[in-house]
Amino acid sequence: MKKFFSVIALLLIVNGYSQAKLELTPQGFHPIEIDRSGRTNEEIIDASKIWASEYRHEQPSVFEVTPNSLKISAQRNNAFFYRNIGEEFYCRIDYTMAVSFTDTKIRIAFTVNEIYERNVRKELELSDYFTSDGKIKQDFRDIKPSIERTVNNLINSYIGYISG
């Protein structure tokens, strides 16, 4: 029984380290590159289209499809939140994932295009939640972990789906 739990713990640790992890910076999210899974370009494109339509998206769109790239645009409700005087405010994002692939790598760039709160577009960008020295503003400290969790769930779901 002890060996069984040791094996399970090891698998969970390995799985946790194998997942992509994007971090929010004042410049947004830096692109990531992953090893290609051996799938053809056509298989990646087809899997991307299916993933976009199935993964809890609002108004998904796959566009600018070329033999080596594509873009996925969608909305994500409750993508992040912040607290102000004890009240939680949940924000929706409109985002784009730009995906390009070579013979050995897949590059994914995640961009937040617009932010909405209570269905009203905010005239803010993610960089506005940071101080001039690159630290998250005190009143918005919940934004960074909540949007990172959302984006990493999206990215890892996508990677898992296109990897087959």
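The values are calculated or read from the model by the stated rules, or taken from the named source; none is laboratory data. For clarity, every value in this text was computed on a predicted model and none was experimentally measured. Cβ coordinates were reconstructed from backbone atoms using ideal geometry, including for glycine residues, and neighbour counts include every protein chain displayed. For the accessible areas, the whole protein counts, side chains as well, though only heavy atoms, and no ligand, DNA or RNA atoms are used. Shrake-Rupley method; radii C 1.70, N 1.55, O 1.52, S 1.80 Å.
Overview of results
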quantity	calculated
Residues satisfying the stated conditions in region 121-132, i.e. out of contact with any helix residue (DSSP H, G or I) (no Cβ under 7 Å at 6 or more places or on another chain) and either surrounded by 12 or more Cβ atoms within 10 Å (Cβ to Cβ) or closer than 17 Å to Y95 by Cα (or both)	R121, K122, E123, L124, E125, L126, S127, D128, F130
Some residue of region 93-103 being of a type outside the set (G, A, S), loosely packed, with under 13 Cβ neighbours inside 10 Å and farther than 21 Å from L22 by Cβ	yes
D133 assigned to a loop (DSSP other than H, G, I, E, B) and more than 19 Å from the chain's Cα centre (by Cα)	yes
Filtered residues of region 140-154 (kept if open to solvent by less than 100 Å² (accessible area, probe 1.4 Å) and either aromatic (F, W, Y) or within 30 Å of I50 (Cα to Cα) (or both))	F140, I143, K144, P145, S146, I147, E148, T150, V151, N152, N153, L154
In region 46-80, the residues that are surrounded by fewer than 18 Cβ atoms within 10 Å (Cβ to Cβ), on the phi < 0 side of the Ramachandran plot and among the charged types (D, E, K, R)	D46, K49, E54, E58
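Residue by residue, here is whether (1) surrounded by 12 or more Cβ atoms within 10 Å (Cβ to Cβ); (2) of a type in the set (S, T, N, Q) holds:
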| position | (1), (2) |
| --- | --- |
| N119 | no, yes |
| G134 | no, no |
| Q138 | no, yes |
| N156 | yes, yes |
